[in-house]
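K.L.:
Before I ask anything, let me first share the structure, which is written out below as structure tokens.
The values are calculated or read from the model by the stated rules, or taken from the named source; none is laboratory data. Note that this is a predicted model, so its numbers are computed, not measured. Glycine gets a Cβ as well: all are built from the backbone with ideal geometry, and neighbour counts include every protein chain shown. For accessibility, only protein heavy atoms count, side chains too; no ligands or nucleic acids. Shrake-Rupley method; radii C 1.70, N 1.55, O 1.52, S 1.80 Å.
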Amino acid sequence: MEFFVILLKSLIIGGLVGFGVGAGAARMFHAPKVQGMGAFRTLGELNACAGDAVSHFSFGLGFFFNAWASSVGAGAFTQDVDHRIIPNWAAAILIGRGKKVEDTLHNPKKMAFVGALVGMVVVTFLNSTASAIPESMQAIAVKVLVPAANLLINPVMPIIFWLAALDAGKRSGMWGTIFGGLAHLIMGNAVPGVVLGILIGKGVDDGGWNRVTKTLLISVIILFVLSGFFRGFDMNFIQSLHLDVPVWLTDLHNLISGGGK
């Protein structure tokens, strides 16, 4: 009886979440005319898949295993369920039918209903398997699924996104490679940098070096500089060259971040 209660609640919750997430993700492509719903990374990651059904599915799959391990081991969902899995799998289903992104991924109505179906399946699967697995097996499942998910997230997903950047054109490939490499060095994962590189490259291809693309490039550079500073990348880089870190730089880190390396 308890299993059927979980099943029923999962179908209802998954459907409602998927409906909202699917519609909200599609509406982001029509901003600022309408209000979207979702994180900036959701929009960037959907764009990075370049309307390819396989890329959307594989991207969602990479985070599905991590979400599955979390639900089995910790009894809680990760944010990847609504930010990444549902919208990307909904997009994969719609685009897989051979239609353009304007009629699928950018269509709030279609994304809402397909997202609802995907949400029902995903949430029901995660909850039902988590409740059915004994506690003694949960620890084993976590030990198996978490390493698999980590391998998919890094290095498999960065490679897929990098290949997507190269396929998107020379500019997207160049900026994706540059910022992807910097992101890997600074953040430990190249995906954010590759996504930003694709956005810059496609922006230049569509509108040239206008005010928007220049502002975006400057903003990304500032983002990387600040991220590298607060992560201590500058000091680690100097030390990797077997050089002494300047005292003023150490003092600056201590002053701003409360303790540099």
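K.L.:
Projected onto the charge dipole of the chain (+1 at Lys/Arg Cβ, -1 at Asp/Glu Cβ, origin at the Cα centre), which of LEU226, MET111, ASN254 gives the Cα projection farthest towards the positive end?
P.N.:
Value computed over the given set: MET111.
K.L.:
DSSP loop (so not H, G, I, E, B), at most 10 other Cβ within 10 Å: list which trypsin sites (Lys or Arg not before Pro) in the stretch 1-73 pass both filters.
P.N.:
LYS33
K.L.:
Using 0.36 nm per residue of separation minus the Cα-Cα distance, give me the extension gain between LYS143 and LEU11 in nm, one decimal.
P.N.:
Values: separation 132, 0.36 × 132 = 47.52 nm, distance 2.81 nm.
The LYS143-LEU11 span can extend by a further 44.7 nm.
K.L.:
Separate question: Return one number: the angle in degrees, 0 to 90 and rounded to the nearest 10, between the long axis of the Cα atoms of helix 86-95 and the longest principal axis of the Cα atoms of the chain.
P.N.:
Helix 86-95 sits at roughly 80 degrees to that axis.
K.L.:
Let me ask something else about it. Using a 1.4 angstrom probe and counting only protein chains, how large is the accessible area of MET28 in Å², to 10?
P.N.:
Using a 1.4 Å probe on the heavy atoms, I get roughly 30 Å².
K.L.:
Ok, one more. Output the 0 to 90 degree angle, nearest 10, between the alpha-carbon long axis of helix 53-73 and the longest principal axis computed from the alpha carbons of the chain.
P.N.:
80
K.L.:
Something else: If you place +1 on the Cβ of every Lys and Arg, -1 on the Cβ of every Asp and Glu, and leave all else neutral, what size is the dipole of the chain about its Cα centre, to the nearest 20 Debye?
P.N.:
Dipole of the chain, to the nearest 20 debye: 640 debye.
K.L.:
On full extension of the chain, what length is gained from MET174 through SER240, given 0.36 nm per residue of separation minus the C-alpha to C-alpha distance?
P.N.:
So the chain would gain 21.1 nm between MET174 and SER240.
K.L.:
If Lys and Arg each add +1 and Asp and Glu each add -1, what is the summed charge of the other residues whose beta carbon sits under 9 Å from the beta carbon of GLY201?
P.N.:
+2
K.L.:
Give the distance, in whole Å, between the Cα centre of the stretch 1-55 and the Cα centre of the stretch 142-202.
P.N.:
Using only Cα atoms to place each centre, the spacing works out to 22 Å.
K.L.:
Another question, if that's okay. Calculated FRET efficiency, ILE133 and LEU185, Cβ-Cβ r, R0 30 Å, to nearest 0.05?
P.N.:
Numbers: r = 39 Å, r/R0 = 1.29.
Efficiency at R0 = 30 Å is approximately 0.20.
K.L.:
Another question about this same structure. 222 nm [θ] for the chain, helices only, -39500 (n - 2.57) per DSSP H run of 4+, per residue, to 500?
P.N.:
-24500 deg cm²/dmol
K.L.:
Please give the length that would be gained between LEU252 and GLN79 if that part of the chain were fully extended, namely 0.36 nm times their separation in residues minus their C-alpha to C-alpha distance (nm, one decimal).
P.N.:
Working: separation 173, 0.36 × 173 = 62.28 nm, distance 3.49 nm.
Extra length available between LEU252 and GLN79 comes to 58.8 nm.
K.L.:
At 37 °C and 0.692 mPa s, grab the translational diffusion coefficient of the stretch 143-261 from Stokes-Einstein with a Kirkwood Rh over Cα pairs, rounded to a whole number in µm² per second.
P.N.:
Using the Kirkwood radius from Cα pairs, D works out to 207 µm²/s.
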